[in-house]
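To keep things clear, I will list the structure first and then write my remarks on it.
Derivation of every value follows stated rules applied to the coordinates shown; laboratory data play no part. As the structure is a computational prediction, the values presented were derived from the model and not from experiment. Every residue, glycine among them, receives a Cβ derived from its backbone with ideal geometry; neighbour counts consider all protein chains shown.
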Amino acid sequence: MRFLDTFFDGAVMARYLPDLISAIWVTLYLAVVIVAAGLALGLALACLRTLGSKWLNVPIIIFADLGRAIPPLVVILIFYFGLPGLGITLSGQLVIVLVLGAVLAAFAEEIFWAGLTSLSAGQWEAGRATGLTFGQTLFSIALPQAVRLAIPPLVNRALAITKMTALGSVIGVKEILAVSSSAQSFSGSATPLTMAALAYLAIFIPVVIASRLIERRFSWSI
Amino acid sequence: MVKPPVLEIAGLEKRFGDTVVLKNINLKVREGELVFVIGPSGSGKSTMLRCCNRLEEPTSGAILVEDAKITDIARRDLDKMRMKVGMVFQGFHLYPHMSVLRNVMLAQIKALKRPKDEAETRARDMLERVGLSEKADAMPSDLSGGQQQRVAIARALALDPKVMLFDEPTSALDPELVGSVLKVMKDLRREGMTMLVVSHEMAFAREAADRVIFMDGGLVVEHGSPEQIFGDPQTDRLKAFLSRVSQGAE
C-alpha cells in the first residue's frame, strides 16, 4: 500500500495530469525540432565534407569534435546564463534547441561521414564513369547507401539526445521533468515523477518501434 | 580503306609523384576494332585505360575520342565526354540499392536526360542483349558475378558509347562464369563495337582481338596481331611474360 501511495497516488495524478500533458507537448515539440535540425545539419555537413576542401573540412571537423566532447549541460548553462552578459538573451526553449540540435548535428555528421567513407571507391567511379556529375553521384548512389548504414547508430544517438531535453528543467523550460519535479516539490509525493517516467516511455517506445520498421525498410541484402 | 580512329592516345604520360607509371604511350583504336592489352601487373595497363575517361588524370599527352581532344576538356565538362566512353570494371560496381533495371536506367535519365519510358525501353533492350532480360527486377546481390558483370556492360552500352573500355572484366569471376562475359564481348565485337580490353584471357585475345599490345614497366613493348604477339614474340620481356602466363603464374 505504501508503495502505491508513494508512486501511484490517484489524487496527485489527477491534479497534475493537465500540467503534465502540456509538458509532454513541449518535450515532443522540442524533440521533433532538435531531431529535424540536427539530422539536416549533420547530413549537410557530411555532404560538404565530400567536396574535399580543406577550408570546409577543418571547421566541420572542429565543430564535430567539440560537439561530441563537451557535455551539453555546460553549453546550455553558458548560453542561458552567460550570453545575457553580452546583451543576448535567448529563451530556454531556444537554448535547448540550439545546443542539442548542434550536438546531434555533430554526431550525425560523423555517422553520415562514416557511412559515406565506407562505400567502395568503385561506386563513385561507376557513377562518374557513366557521366553522372559529382552531385548526382552523391545523391543517387553514395548517400542512399550511406544513409542505410547510418540509420541504426543515428536512431540511437537521436534517442539519447532527445532524452536530454530533460536538461531544460535547469533553465526553466516547462518540459516533462521540470513540470513533474516541481509538482513533486509541491505535493510531497513521488507520483509526478512516476508520471514523468511513464510519459517518457509513451513518447520513446513508439519511436524505438518506428526505428525498427525504418531499418527494415532501408535494408537490402549484400 | 582504313577506318578512322575512334580512340587515339598520343604521347601519354602518367606520373604518381616521382613514380612514372606510363611513358610515351601511343595507340590508335579504329572503328569496330578490338584491341587487347596484356602485360604483368603493375605495367600500367589499367592506369592507361583509366586515363581514357580521365578517372585518372594524364600528366601529359593527348587522348582523342572521335577527334575531340578529351585531355583539353575542363573538369566540369567531363561528364558528357564520359558517356561516350563506356567503362567496365573488374569489380562490376553495380549499385546495390537499385534493381538491375534501375542500374541500367540511372545514367540515361540523369546524365543523358532521356525520358524515363525511353530509358526503360533502352535498358530492357540492353539487358536482352546481354542475355539477362528476365533479371530486370532482381537486385544485384541476387545475381552471380558473371551476371553482375553483364549488367555492368548493359549499363555502359545503354549510353550509346563510341568506345568501350574493359578493365580486367573477368578477373574477379569464378572460372565457370568467365565464358558468359566473354560471349557478350564477342557479340559486341561482331556488332561492330570499338573496344579496348585489358585482360589476362589469352585464349580470348587470340580468338577475338584485332591487335594485341604488350605493356611492361609503363611502356608499350610490343604491338602486333595476335599471331605475331603469341606466335612470334620479339622481345625477351614478352617471351618471359608469355611463358609465365602459360604456367599460370600471372
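Computed about its Cα centre, the charge dipole of region B:1-64 is approximately 80 debye, with only Lys, Arg, Asp and Glu carrying charge at their Cβ.
Within region B:75-96, whose backbone N sits under 19 Å from a point 7 Å along Cα→Cβ of B:Ser41? Answer for region B:75-96: B:89-93. Taking the charge dipole of region A:2-218 about its Cα centre, with +1 at Lys and Arg Cβ atoms and -1 at Asp and Glu Cβ atoms, the residue from A:Thr165, A:Leu149, A:Ile203 reaching farthest to the positive side is A:Leu149. A simple spin-label model places the labels of B:Lys162 and A:Ala14 8.6 nm from each other, with each point 7 Å out along Cα-to-Cβ. Applying 0.36 nm per residue to the separation of B:Val2 and B:Glu176 and subtracting their alpha-carbon distance, the gain on full extension is 58.9 nm. The label-point distance for B:Ala240 and A:Ile214, in a model that sets each label 7 Å from Cα toward Cβ, rounds to 6.0 nm.
Each Lys and Arg adds +1 at its Cβ and each Asp and Glu adds -1 at its Cβ; summed about the Cα centre, region A:2-218 shows a dipole of about 340 debye. Hydrophobic, long helices, defined as DSSP H runs whose alpha-carbon span along the helix axis is 24 Å or greater and whose mean Kyte-Doolittle value is at least -1.0, occur in chain A at A:10-50, A:92-118, A:143-163, A:191-217.
Entry note, region A:31-126: relative contact order of 49 percent, from Cα contacts under 8 Å with a spacing of 6+ residues.
Per residue, the convex hull spanned by the Cα atoms of the protein assembly as shown amounts to 210 cubic angstrom.
Ordering A:Tyr29, B:Tyr95 from the fewest to the most neighbouring beta carbons within 10 Å gives A:Tyr29, B:Tyr95.
With unit charges on the beta carbon (Lys/Arg positive, Asp/Glu negative), name the residue among B:Leu196, B:Gly224, B:Ser171 whose Cα is farthest towards the positive pole of the charge dipole of region B:101-250. Value: B:Leu196. Each of B:Val130, B:Asn53, B:Val2 was scored by the projection of its Cα onto the charge dipole of chain B, and the greatest displacement toward the positive side belongs to B:Asn53; charges sit on the C-beta of Lys, Arg, Asp and Glu. Each Lys and Arg adds +1 at its Cβ and each Asp and Glu adds -1 at its Cβ; summed about the Cα centre, region B:151-193 shows a dipole of about 220 debye. Take the Cβ-Cβ distance between A:Ala114 and B:Glu118 as r, set R0 to 51 Å, and report the resulting FRET efficiency rounded to the nearest 0.05. Calculated value: 0.85. Working from label points 7 Å from Cα in the Cα-to-Cβ sense, the B:Lys23 to A:Ser182 distance is 8.2 nm.
Averaged over the residues of B:90-97, the number of partner chain Cβ atoms lying within 10 Å of the residue Cβ comes to 6.
For region A:79-222, rounded, prolate or oblate, judged on the Cα gyration tensor with a ≥ b ≥ c (square roots of eigenvalues), a/c < 1.5 rounded, else prolate if a/b > b/c? Oblate is the answer for region A:79-222, as a/c is 1.5 or above yet b/c matches or exceeds a/b.
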